[in-house]
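The block underneath contains the structure these notes are about, expressed in structure tokens.
The values are calculated or read from the model by the stated rules, or taken from the named source; none is laboratory data. These numbers come from a predicted model, not from an experiment. Note: ideal-geometry Cβ built from the backbone for every residue, glycine included; neighbour counts use all protein chains shown. Note: accessible area is taken over every heavy atom of the protein model, side chains too, but ligands, DNA and RNA are not part of it. Shrake-Rupley method; radii C 1.70, N 1.55, O 1.52, S 1.80 Å.
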Amino acid sequence: MKYTEEHEWLLADGDLVTVGITEHASTQLGDIVFVELPEVGTEVAKDDEAVVIESVKAASDILAPLDGEIVEVNEALADNPALVNEDAMGDGWFFKIKASDLSPMDDYMDEAAYKKMID
Amino acid sequence: MSDLKQTVFHDLHEKAGAKMVPFAGYSMPVQYPLGVMKEHLHCRAAAGLFDVSHMGQVILRGPNVAAALEALIPQDVIGLAERRQRYGFFTNETGGIKDDLMFANRGDHIFMVINAACKEGDLAHMRAHLDGVEIEEITDRALLALQGPKAEAVLSRLNPDVAGMRFMDVATLELVGAECWVSRSGYTGEDGYEISVPNAQAIALAEALLADEAVEAIGLGARDSLRLEAGLCLYGQDMDEGLNPVEASLTWAIQKVRRAGGARAGGFPGDDTILKALETGVDRHRVGLKPEGRAPMRQAVPLFQSEDSSEQIGFVTSGGFGPTVEGPVAMGIVADSLHEPGTVLYGELRGKRQPVTVTSLPFTPANFKR
């Protein structure tokens, strides 16, 4: 698993990458009450706004960590956005992207580096 | 952060694991480890304890103090019975609202609670205009709010006399050996009390209340969602210097005796504008708004009459997620012709128009002990 400075996690299976936010981020955001997901089939460029999360406090944007096509989104979040708080690293995932360029993955942090960043 | 003021409960908040944020010049708890959602629901189900010591506490004394205060606020002060409290607001020369407040008739004086952010301005305003009135800011007392359906049972364990109070009654009562100034009121839509307690005994009182298993500490985050569901205004968002009380849908708070034809009609700043607004109506109103779906509509979201109209007809003044409503709730200012409950408007959120229905307030029924 890789981590971005924006507190996203990326789990790659070949060029198919699952994206979510870290437990640390979900705790910081507070109770999440709404998640606006991209449409399946959307082409995104790295750093495009891909997801809007609304917590009890504020709205935050989640950026696409890679270039590619959104091929699946976590429909369960529409009815139960609290999944992000309950299981940020698992059932609270946001979308799967078919990456057209995996090279940014090399620059993202491993778990040890991420833990160091948030300490 | 170092120039932020702290309430007497600061260490208690930190020990409880609160997340502290700057608010109106104070370091205040926005949430505790329970989190905003559960804090909110706990307050509606049992009882919540709020530190509201950042708010201003003021005593007004003088032979004609009630009449003097009527020159600054459009409420009936003279007619307020002893040991009763009333909601009010300072108005400005154009009929706008300078601050909202609670005032109580405590026999030989008026006790007033004002917003933290407006404290200095309100005190200066009163000192400039209340001739012959002694104005004392109370700084040696903290302010706690105990709110929720179990508030009466909890506080009764410290002093059974609190159970006999009705909504908006005030009393001087001993709690944990301290002389407390108690009112049966609050800012959540629930039954409950606000308690002015001497600083020296404030921690002991807070700890005695928190020791009750029905009580959880509640932060500013849930305070905001609770008051929003209750349809209660937040000064600076739902009302301000540019909005008169009729526009802010606070007509109910102006007693008949101060309106045209009343025995003491007018005589407060902006009275021409406000009395005329009461007679002939206004062009815009504060209303409740229920956004469709789950996306919250927050402060400043523009409102439109249809999905494609270009003319903005209002805006959201407060909005967020209502944990008890289990969906987004908001209040806003809308044009006169569009303020009837049931009217569907559109809020523009991230470039997309989403339907929102004008709704009567409150969103959750008030549970006051009348």
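Among the residues of the range B:202-214, count how many are open to solvent by 10 Å² or more (accessible area, probe 1.4 Å) and within 25 Å of the chain's Cα centre (by Cα).
Residues meeting the conditions: 4.
The strands (runs of 3 or more DSSP E) located wholly in the range B:1-117 that include 1 or more residues which are within 14 Å of another protein chain (Cβ to nearest Cβ) occupy B:19-23, B:26-31.
When you look at B:Met28, is it open to solvent by 10 Å² or more (accessible area, probe 1.4 Å), of a type in the set (A, V, I, L, M) and in the same structural domain as B:Ala124 (by TED's automatic domain parsing), yes or no? The answer is no for B:Met28.
The one condition from (1) in a loop (DSSP other than H, G, I, E, B); (2) within 14 Å of chain B (Cβ to nearest Cβ); (3) surrounded by fewer than 15 Cβ atoms within 10 Å (Cβ to Cβ) that A:Asp101 does not meet is (2).
Please enumerate the residues belonging to the range B:231-246 that are among the small types (Gly, Ala, Ser) and buried (at least 21 other Cβ atoms within 10 Å of the Cβ). Result: B:Gly231, single match. The combined condition, being in contact with a helix residue (DSSP H, G or I) (Cβ under 7 Å, 6 or more places away or on another chain), open to solvent by 10 Å² or more (accessible area, probe 1.4 Å) and of a type in the set (D, E, K, R), is fulfilled by B:Lys98. All conditions but one from (1) within 14 Å of chain A (Cβ to nearest Cβ); (2) part of a strand (DSSP E or B) apply to B:Ala300; the one that does not is (2). Just so you know, in the range A:60-74 the residues that are outside any strand (DSSP E or B) and touching a Leu at 6+ places or on another chain (Cβ under 8 Å) include one that is farthest from A:Ser26 (Cα to Cα), and it is A:Leu66. The set of residues in the range B:298-324 being touching a residue at least 40 places away in the same chain (Cβ under 8 Å) and within 20 Å of the chain's Cα centre (by Cα) consists of B:Gln299, B:Thr317, B:Ser318, B:Gly319, B:Gly320, B:Phe321, B:Gly322, B:Pro323, B:Thr324. For the range B:301-337, a residue qualifies if it is open to solvent by 10 Å² or more (accessible area, probe 1.4 Å), of a type in the set (A, V, I, L, M) and in contact with a strand residue (DSSP E or B) (Cβ under 6 Å, 6 or more places away or on another chain), and the qualifying residues are B:Val301, B:Ile313, B:Ala335.
Does B:Glu213 meet the test of being modelled with pLDDT of 95 or more and within 14 Å of chain A (Cβ to nearest Cβ)? Reasoning before the result, please.
Working: modelled with pLDDT of 95 or more: yes; within 14 Å of chain A (Cβ to nearest Cβ): no.
In short, no.
Consider the range B:221-255. How many of its residues are free of Cβ contacts under 8 Å to residues at least 40 places away in the same chain and outside any loop (DSSP other than H, G, I, E, B)? Adding up the residues that qualify gives 2. Looking only at the range A:31-49, residues that are closer than 24 Å to A:Asn85 by Cβ and touching a residue at least 40 places away in the same chain (Cβ under 8 Å) come to 7 in all. Residues in the range A:7-59 that are within 14 Å of chain B (Cβ to nearest Cβ), charged (D, E, K, R), over 21 Å from A:Met89 (Cβ atoms) and outside any strand (DSSP E or B): 3 in all.
Taken over the range B:288-297, the criterion of being open to solvent by less than 10 Å² (accessible area, probe 1.4 Å) and in a strand (DSSP E or B) is satisfied by B:Gly288, B:Leu289, B:Pro291.
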